[in-house]
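Okay, so here's the structure we're looking at.
The values are calculated or read from the model by the stated rules, or taken from the named source; none is laboratory data. Because the structure is predicted, anything quoted here is derived from the model rather than measured. Cβ placement follows ideal geometry from the backbone for every residue including glycine, while neighbour counts extend to all protein chains displayed. To get the accessible areas, we keep the full protein, side chains included, count just its heavy atoms, and leave off ligands, DNA and RNA. Shrake-Rupley method; radii C 1.70, N 1.55, O 1.52, S 1.80 Å.
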Amino acid sequence: MTGKITKGIGGFYYIHCMENGRLYECRAKGIFRKDKVKPLVGDNVGFEVIDEKERTGNLVRILPRKNTLIRPAVANIDQALLIFAVEQPKPSFYLMNRFLVMMAMQEVHTVLCFNKQDIGAEEDCQRLSDDLRGFGGKILFTSAQRQTGIDELRALLRGKTTSVAGPSGVGKSSLINLLCPDAKMETGGISRKIDRGRHTTRHCELFCVEENTFIMDTPGFSSLDLPFMEKEELKQYFPEFVRYEGQCRFQGCAHIKEPDCRVREAVDQGEISRARYEGYVSLYEELKERRKY
């Protein structure tokens with residue numbers, strides 16, 4: 001039989017069977033350890049049923065992967081949904097830019113979702129839209145509390161396997177519960193002292209929203225290390241720079257301090273978001289410092 005791994009805990013893999021929609025608890029055959037291949041959440045697999053009544057079986061093969069993400073360690077992702085809150089906690093461009101670069105490197109389309117629209121001012125939402133214009137994906141505002149924006153979000157997910165990520169406390173689990181009530185995700189509050197959410201997700205888990213539509217919840221993160229790359233590569237992962245390629249005075253311009261830089265000119269003229277550009281400079285300097293060691 002064929003299925004998709006929805007969760008892996010303690011050596012057991014839980015497989016959503018494509019033929020009958022049932023969930024089976026399976027052990028992986030020893031060949032995976034021998035070949036040093038680790039099954040991942042999101043893997044399409046072949047498995048054999050041992051006990052239909054108990055819904056147990058053995059995972060016997062992993063089907064070819066469309067892609068593999070490093071963080072989170074998952075497979076066969078069609079798109080990423082990155083969730084921040086408009087307020088409480090305030091969105092971190094530091095984390096956001098890192099995640100967007102990581103997804104761009106892995107050629108995964110990203111949808112940006114800002115939850116808690118109900119407690120954010122209209123000007124806050126507009127500022128976020130302005131600051132992130134040109135990042136290369138869709139921006140969506142939702143409120144899990146008031147259940148607004150959910151239909152549009154559901155439409156964006158339909159027919160795809162989507163990895164959901166974002167810092168703790170932004171309402172990921174609440175949104176997942178609205179999209180898939182059977183998930184029954186634990187939700188956590190915000191620590192007033194540190195303005196951060198309590199971590200409620202401990203492992204990656206895939207949920208079936210509807211036929212051929214899956215969402216994957218991943219543990220909340222508070223920091224992300226950039227993958228290894230040369231600092232000169234970074235600019236290609238900022239889509240808003242692409243239209244100005246070849247218009248700078250110097251070939252291979254890094255868009256940092258070079259004279260007659262068309263990208264910096266576009267920032268000054270409001271054609272490129274200054275917040276995004278400053279994020280680029282920050283990441284560039286980080287990569288530059290890393291190179292010294």
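Couple of notes before you dig in:
- Verdict on residue 90 being in a loop (DSSP other than H, G, I, E, B), within 30 Å of residue 134 (Cβ to Cβ) and either at pLDDT 95 or above or open to solvent by 20 Å² or more (accessible area, probe 1.4 Å) (or both): yes
- Condition met for residue 226 (over 25 Å from residue 44 (Cβ atoms) and either at pLDDT 90 or above or hydrophobic (A, V, I, L, M, F, W, C) (or both)): yes
- Extreme residue, surrounded by the most Cβ atoms within 10 Å (Cβ to Cβ), among residues of segment 62-80 that are touching an Asp or Glu at 6+ places or on another chain (Cβ under 8 Å) and aliphatic (A, V, I, L, M): 75
- Test: residue in segment 151-161 that is crowded, with 21+ Cβ neighbours inside 10 Å and within 11 Å of the chain's Cα centre (by Cα): no
- The set of residues in segment 186-215 being in contact with a strand residue (DSSP E or B) (Cβ under 8 Å, 6 or more places away or on another chain), modelled with pLDDT of 55 or more and surrounded by fewer than 17 Cβ atoms within 10 Å (Cβ to Cβ) consists of 203 alone.
- Residue satisfying all of: in segment 99-143; in contact with an Asp or Glu (Cβ under 8 Å, 6 or more places away or on another chain) and assigned to a helix (DSSP H, G or I); most open to solvent (accessible area, probe 1.4 Å) among these: 119
- Yes/no for residue 129 being over 20 Å from residue 204 (Cβ atoms), without any contact (Cβ under 8 Å) to a residue 60 or more places away in the chain, touching a Gly at 6+ places or on another chain (Cβ under 9 Å) and not basic (Lys, Arg): no
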